[in-house]
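The structure under discussion appears below in the form of C-alpha cells.
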Amino acid sequence: MSDPSVQHHQARPAVPVLHEQRLDEVLGAAPEPGRERYRPHRVGMVWRSKAFRVGAVAVALLLCGLIILALVREQTGTEGFLVGLGLAVLPVPLLMAAFRWLDRVEPGPWRNLLFSFAWGACAAALVAIIANSFATRWIATATADPASADTLGATVIAPVVEESAKAAAVLLIFLFRRREFSGVVDGIVVAGFTATGFAFTENILYLGNAFGEDQQLGSSGLASVTAGTFFVRIVMSPFAHPLFTVLTGLGFGFAAVSARDHRVRRIALPLLGLALAMGLHALWNGSSSLGPYGFYAVYGIVMVPAFGLVTWLAIWSRQRELRTLAAELPAYAAAGWLTPAEPSALSSMRARGVARDLARHWQQDRIRGRAAARAVAEYESFATSLAGLRRRARHGAVGPDFGARERELLHHLWQRREIAAPALTHAARLTSRPGAHRSLAPTPYGSGPGTGPGYGSGPGYGIGHGPGYGYGYGPAPWSPPPGHGHPQPQPQPYGQQPAQPYGPLPGYGYGAPHPPHGHRRPH
C-alpha cells in the first residue's frame, strides 16, 4: 500500500534512483516550467556578470588578433600575407568538419568551439611568436651560436611554449564550462579546434615567408619554396598540430570521467597528456636534424601510426557514448519519461537522423518543420547529456548538483516530448530492419485514441484497444502526454498487473511504470 502523503497528482513521472537509494532522499520530482533552473557554482564576484565575462574575453581575443595580424604582416609583407592566408585556410573547414562530426552524438555549444579556435589562432599564436623569438635570441646570445639556437628553440622551446599555450584553452573550458565538458570526446573536440586555429595562423606565417623568399629568388612553380611548404604543411601534415594538442585533450577528457575522490588522477592525467603532446611535438620538429631521411622516418613510423591510434580512440569514444545511451536510458523509460523504443533510437545515429526528418515532414509548412526538427535535435542532445550524467554518477564523477542537473535535463525533455517522442519511436521502427522505411508511411501529428494494446506494468498510454491514449504507426495519431488535458487511469504498484504483450496491429504502446517505494505515477 502506498503512502497517502504521496498520492497527490504530479505532472510528470518520478526520477529513477541510482542503486538502492530511496527516491525521496535523492531527487524528487522535476521542477515546474519556469520555476527552477540549474545554476552552476559561481567563481568570484566579478564573474557573476555574464555580459562582463563575454565582453572581457571577446576584447582580449580581439586585441590578440590585431597584434598577431600586425606581427605576421610585418614579417611576410602584405602580398605574402594574402598568399599565406589564402593557402592556410584550405584545410581549416575539413578539420573543423571532422571534429564536429565526432561531436555529433552530444554536440557542444558553438561558443566553446569558436572560443577555442580564436584562442588558438590569436592568443596561443601570439604567446608562441613572442616567447619563441625571445627564447631563441637569448640562447643565441648566450651561446654565440645562432644555428644551434634555432635548432634548440625548435626542438625544446617551441613544443613547450606552444603546447602550453594551446592547453590553456582546454583548461579554461574544463574549469569554467564544466557542464559542457563531460568526457573524452569533448576533450578531443575542444583541443582539435584550438590546434586548428593555431595551425591556421602558423601556416599563414610559414607560407607568407616562403612566398617572400620565392620573390627574392625568382623561383616559381613546383620547384618553389612556397610549393614545398604547402605540400609539407597542408597536404602531408595538416593533422600535426591537432594531433599534438588532442593528446592534451585526452588527458582532460579522462580526468572529466574520473571519480571526484581520485584527485591525484584528475591532476596527473592532463599533465601526462600535455607531456606527451610536448614530446611528440619535439620529435616532429627535430626530425629534420636526424639526417636526410629523418623527416620521412618520423612521419611514417611515428606520426601516421599515432594519428591512426588517436583516430581509432576518438571513434571508439563516440561509439561508447551511443552505448551509454542504450545502457542508461531504459531506467527513464521504465519510469515513464521515455517510450520503450526511444533508448534504442537515441543510441543509433541513423535513427536520430530519421527522427529529425520525420518531425520536419510531419509539419504543414517549412518553418514549423524546421522548428520541429530543431526540437527533436535538442531532445536528442538533452537525452545524451542525461545518459552521460547518470553514467558519471555511477562512477562517482559528479558533484553535489547532480540532482538539480538531472531534474533540469528531464524538464527539457518533457517540454519537447510531444514532438520528439513519436518521431523517435517511429524512427526506431523504421530503422529496425532493412527496407522498413519503404513500407511504412510517416504518421502526422494529431489527437485521438490509440489502436493497439498498451505495453508495461499497469495501464498506460498505449496504442490500441487498451486503456489509454497514445500514438501509433498507421491510423493512430499522437496525443499529448499525461498532464496535457487527457485523463489517465489511476496507476497500480509494481507487479500488480503483468505487462501486456504486443498487439497484432502495426504499433505498440507503453504504460509508464511508476517509481518504487509507494510513489505513484502521475495522471
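The values are calculated or read from the model by the stated rules, or taken from the named source; none is laboratory data. Just so you know, these numbers come straight off a predicted model, no measurement behind them. Note: ideal-geometry Cβ built from the backbone for every residue, glycine included; neighbour counts use all protein chains shown. All accessible areas refer to the heavy atoms of the entire protein, side chains included, with ligands and DNA or RNA removed. Shrake-Rupley method; radii C 1.70, N 1.55, O 1.52, S 1.80 Å.
Taking the Kirkwood radius as Rh and the Cα radius of gyration as Rg, region 151-297 has a ratio of Rg/Rh equal to 1.07. Remark: spin-label model distance residue 53-residue 141 equals 4.1 nm, labels positioned 7 Å along the Cα→Cβ axis.
Kirkwood-type hydrodynamic radius, region 216-265: 14.2 Å, calculated from all non-identical alpha-carbon pairs.
Hey, any idea what % of region 267-369's accessible area is carbon plus sulfur with a 1.4 Å probe? Please list the in-between numbers first.
Values: 3390 of 5060 Å².
Carbon and sulfur: 67 percent of the exposed surface of region 267-369.
Note on region 297-404: the C-alpha convex hull projects to 10.3 nm² when averaged across all orientations. Here r is the Cβ-Cβ distance between residue 297 and residue 220 and R0 is 41 Å; the resulting FRET efficiency, rounded to 0.05, is 0.85. Couplings 3J(HN,Hα) of region 184-190, computed from phi: 5, 4, 4, x, 5, 5, 4 Hz, in residue order, whole Hz [Karplus 6.51 cos²θ - 1.76 cosθ + 1.60, θ = phi - 60°; x for Gly and Pro]. Across region 358-427, counting alpha-carbon atoms alone, Rg and Dmax equal 14.4, 46 Å. Annotation for residue 371 and residue 104: the two label points, set 7 Å from Cα along the Cα-Cβ direction, are 2.7 nm apart.
Normalised size of region 121-223, defined as Cα radius of gyration per 2.2 N^0.38 Å with N residues, equals 1.36.
Taken over the alpha carbons of region 68-127 as equal point scatterers, the Debye sum produces base-10 log I(q)/I(0) values at 0.17, 0.20, 0.23, 0.29 Å⁻¹ of -0.71, -0.88, -1.01, -1.19. The residues of region 64-202 have, on average, 43 Å² of accessible surface per residue, using a 1.4 Å probe with all protein chains present.
Computed over region 51-210, the range of Cα coordinates on each principal axis works out to 53, 33, 31 Å, biggest value leading. Among the GluC sites (Glu not before Pro) found in region 135-200, not one is both in a DSSP coil and sparsely packed, with 13 or fewer other Cβ atoms within 10 Å of its Cβ.
How much area per residue is accessible in region 294-404 when the probe is 1.4 Å and only protein heavy atoms are counted (Å²)? Working shown, then result.
On the way: 4790 Å² over 111 residues.
Value for region 294-404: 43 Å² per residue.
In order along region 86-98, phi translates into HN-Hα couplings of x, 7, 6, 6, 4, x, 4, x, 5, 5, 5, 5, 5 Hz, rounded to whole numbers, per the Karplus curve 6.51 cos²θ - 1.76 cosθ + 1.60 with θ = phi - 60° and x for Gly and Pro.
Note on residue 275 and residue 66: the model spin-label points, each 7 Å out from Cα along the C-beta direction, lie 4.2 nm apart. For the pair residue 418 and residue 82, a Förster radius of 35 Å applied to the C-beta separation gives a FRET efficiency near 0.10, rounded to the nearest 0.05.
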